Amino acid sequence: MSPAPALAGGLPLLGHAPWLALRPLDFVERLRDHAPVALFRIGTRSAYMVSSGELMKDLLITHQSKFEKGGPLFEQATKLLGNGLAASNGEFHLRQRRLSQPAFHHSRMGVYARAALDAAVVVSGSWRDGEVVDLGRALNDTTMDILARTLFSSLTAEAAAEIRRCLPALVAGVGRRAFIPVEFVHRLPLPVNRREAESLRRLYEVVDGIISDYRASDLDQDDLLSTLMLARDEQTGEGMTTEQLHDEIRSMMVAGTETSATLLLWAFQVLAARPDVERRVHAELDEVLDGRPVGYADLPSLAYLGRVVQELLRMYPTGWILTRRATSSVVLGGHRIPEGADVFFSPYALHRDPAVFADPGRFDPDRWLPERAATVPRHAYLPFGAGVRKCIGESLAYAEITLILASLMGRWRMRSVTGRPPRPVAGSTLRPKESLMRVEERRR
Ligand code: HEM
């Protein structure tokens with residue numbers, strides 16, 4: 001067994017951290033091109049990047065029990081997430097996952113789709129022809145509204161507004177901790193930390209009030225929260241405590257809002273830069289819907305739009321870099337990974353591997369036509385991860401993103417304000433640099 005090939009160019013004390021911080025997307029591609037399992041350093045600590053589809057299966061499925069969620073980008077972030085699905089580990093995570101799964105059963109998607117379509121109507125109704133809007137912000141508000149209504153179907157307008165006001169602090173706080181993983185910085189009496197603490201306290205109060213109301217009424221309200229509250233452990237018959245419910249709700253709020261909103265922002269920026277793709281989406285919408293509002297049942301007929309979403313997830317996976325920690329020593333690709341090591345993988349680098357995707361920098365939805373998609377190795381495309389930590393909201397995200405696109409594109413075209421092609425910024429998610437766009441009413 002040989003040691004994993006080490007990437008050259010690490011600096012004393014800093015290792016490769018400056019490249020990861022300053023040119024993160026080039027860096028993950030450089031690691032991919034260096035070796036399927038590449039050794040590099042963050043500060044003085046060794047880390048491994050796994051970059052081949054075959055080894056992704058070993059990491060995320062075959063040897064999943066030898067890895068847990070962990071690593072430098074993750075630990076501080078979990079301080080805000082608590083012990084919910086996105087952050088917990090081991091048996092506890094598996095139990096919570098089993099209890100939460102029914103809330104994401106496909107039989108519930110129709111109800112959640114309604115929440116997405118209602119939210120799309122609200123945002124669409126707020127725009128005027130020709131105005132410049134902060135689309136990133138509008139889409140964040142929209143996905144927050146959708147998640148709030150998916151979690152709590154009988155939400156009052158005041159509670160919804162309060163959640164929308166406070167939730168960005170939670171999402172931003174998780175992102176900030178991932179990139180400044182130093183505890184005391186987040187405890188300094190700075191205005192940003194004070195605002196964050198105040199927003200988190202209010203968010204907790206609002207959610208606590210909703211949980212108490214549900215407990216008092218004891219009703220199944222056909223939403224995510226009631227499904228979580230009614231779930232019982234098969235072995236013990238126990239349900240979730242109030243604290244666990246809080247943690248699960250926080251996990252969903254963080255994992256399920258900025259991710260979808262960012263992908264939608266990419267969609268509008270890419271379509272503005274690619275009139276040929278936009279024309280095909282419009283033609284499909286006109287043919288399938290003929291002017292009527294889109295509904296959940298239309299999804300199978302919107303095949304081209306579905307391929308556009310798949311291609312967006314390939315080129316701009318919001319979770320562009322993810323981490324694990326080895327809980328015991330394990331062999332990957334013929335190299336021993338020691339217990340305690342930080343292991344990274346990058347859907348961004350995997351999805352742009354020229355050995356798997358021809359002309360990887362080209363936005364080409366037709367690469368997802370069934371006969372061409374069949375040539376993509378199973379674990380080379382992982383926008384939602386794989387194995388026991390795979391995104392629990394995948395079907396919900398697909399439905400929500402496709403329906404919002406169909407609904408908004410039925411009425412509006414977005415136009416670039418700068419005229420430049422969209423540029424990615426890799427932070428806690430992979431976002432487009434620009435957020436402003438001009439909305440133009442579509443005339444058929
Ligand atoms: C474009 C949209 C989305 C993308 C790209 C995305 C991506 C991901 C990825 C890559 C993971 C796995 C992370 C890892 O392996 O370390 C994940 C986990 C997760 N996602 Fe999503 N997600 C999206 C939307 C959603 C939505 C809408 C929800 C919920 C309402 C959600 C809830 C979760 C949760 C709870 C986890 C943790 C699952 C676990 O560890 O058991 N996500 N997501």
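Could you please let me know if Phe357 is away from the ligand (no atom under 16 Å from the Cβ), closer than 25 Å to Asp26 by Cβ, in a loop (DSSP other than H, G, I, E, B) and touching a His at 6+ places or on another chain (Cβ under 8 Å)? Here the answer is yes, as Phe357 does meet what is asked.
For the range 407-433, the tally of residues that are surrounded by 15 or more Cβ atoms within 10 Å (Cβ to Cβ), touching a Pro at 6+ places or on another chain (Cβ under 8 Å) and not small (Gly, Ala, Ser) stands at 5. Within the range 60-98, the set of residues being more than 21 Å from the chain's Cα centre (by Cα), within 12 Å of the ligand (Cβ to nearest atom) and in contact (Cβ under 8 Å) with a residue 40 or more places away in the chain comprises Arg95 only.
Is one or more of the residues making up the range 171-184 farther than 16 Å from Lys79 by Cα and at pLDDT below 90? No; the residues of the range 171-184 include none that is farther than 16 Å from Lys79 by Cα and at pLDDT below 90. Checking the stated criteria, Asp220 turns out to be closer than 30 Å to Glu91 by Cβ, without any contact (Cβ under 8 Å) to a residue 12 or more places away in the chain, more than 12 Å from the ligand (Cβ to nearest atom) and outside any helix (DSSP H, G or I). Answer with yes or no whether Arg362 is modelled with pLDDT under 95 and outside any helix (DSSP H, G or I). Against the criterion (modelled with pLDDT under 95 and outside any helix (DSSP H, G or I)), Arg362 does not qualify.
Taking the range 18-125 as the region of interest, the helices (runs of 4 or more DSSP H) fully inside it that hold 3 or more residues being buried (at least 22 other Cβ atoms within 10 Å of the Cβ) are 24-34, 109-125. Do we have any residue at all in the range 372-395 that's assigned to a loop (DSSP other than H, G, I, E, B), open to solvent by less than 50 Å² (accessible area, probe 1.4 Å) and farther than 29 Å from His63 by Cβ? Checked the range 372-395: no residue is assigned to a loop (DSSP other than H, G, I, E, B), open to solvent by less than 50 Å² (accessible area, probe 1.4 Å) and farther than 29 Å from His63 by Cβ.
Residues checked against (1) at positive phi; (2) part of a helix (DSSP H, G or I); (3) open to solvent by 90 Å² or more (accessible area, probe 1.4 Å); (4) in contact with a strand residue (DSSP E or B) (Cβ under 8 Å, 6 or more places away or on another chain):
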site: Arg201; (1), (2), (3), (4): no, yes, yes, no
site: Asp208; (1), (2), (3), (4): no, yes, no, no
site: Ile211; (1), (2), (3), (4): no, yes, no, no
site: Tyr214; (1), (2), (3), (4): no, yes, no, no
site: Gln235; (1), (2), (3), (4): no, no, yes, no
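Kindly evaluate Phe345 against the criterion of being aromatic (Phe, Trp, Tyr) and free of Cβ contacts under 8 Å to residues at least 60 places away in the same chain. Answer is no for this residue. Here the strands (runs of 3 or more DSSP E) wholly within the range 279-353 that include at least 2 residues being touching a helix residue (DSSP H, G or I) at 6+ places or on another chain (Cβ under 9 Å) are 322-326, 330-332, 342-345. Applying the condition of being of a type in the set (A, V, I, L, M, F, W, C) and more than 11 Å from the ligand (Cβ to nearest atom) to the range 236-264 and asking which residue is nearest to Gly410 (Cα to Cα) yields Leu245.
Restrict the check to the range 274-285 and report whether at least one residue is touching a residue at least 12 places away in the same chain (Cβ under 8 Å), within 16 Å of the ligand (Cβ to nearest atom) and open to solvent by 10 Å² or more (accessible area, probe 1.4 Å). Checked the range 274-285: no residue is touching a residue at least 12 places away in the same chain (Cβ under 8 Å), within 16 Å of the ligand (Cβ to nearest atom) and open to solvent by 10 Å² or more (accessible area, probe 1.4 Å). Here Ile163 passes the criteria (1) open to solvent by less than 20 Å² (accessible area, probe 1.4 Å); (2) β-branched (Val, Ile, Thr); (3) modelled with pLDDT under 85 except the one numbered (3). Restricting Met229, Met240 to residues that are modelled with pLDDT of 90 or more and either touching a Pro at 6+ places or on another chain (Cβ under 7 Å) or not in a loop (DSSP other than H, G, I, E, B) (or both) narrows the list to Met229. The residue that is surrounded by the most Cβ atoms within 10 Å (Cβ to Cβ), among those in the range 396-406 that are more than 8 Å from the ligand (Cβ to nearest atom) and of a type in the set (Gly, Ala, Ser), is Ala406.
Taken residue by residue, the range 326-342 has no member that is within 22 Å of Ala273 (Cα to Cα) and surrounded by fewer than 18 Cβ atoms within 10 Å (Cβ to Cβ).
The values are calculated or read from the model by the stated rules, or taken from the named source; none is laboratory data. As the structure is a computational prediction, the values presented were derived from the model and not from experiment. Don't worry about glycine lacking a Cβ; one is built from the backbone with ideal geometry, like all the others, and counts go over all protein chains shown. We work out accessible area using only protein heavy atoms, side chains counted, and drop any ligands, DNA or RNA first. Shrake-Rupley method; radii C 1.70, N 1.55, O 1.52, S 1.80 Å.
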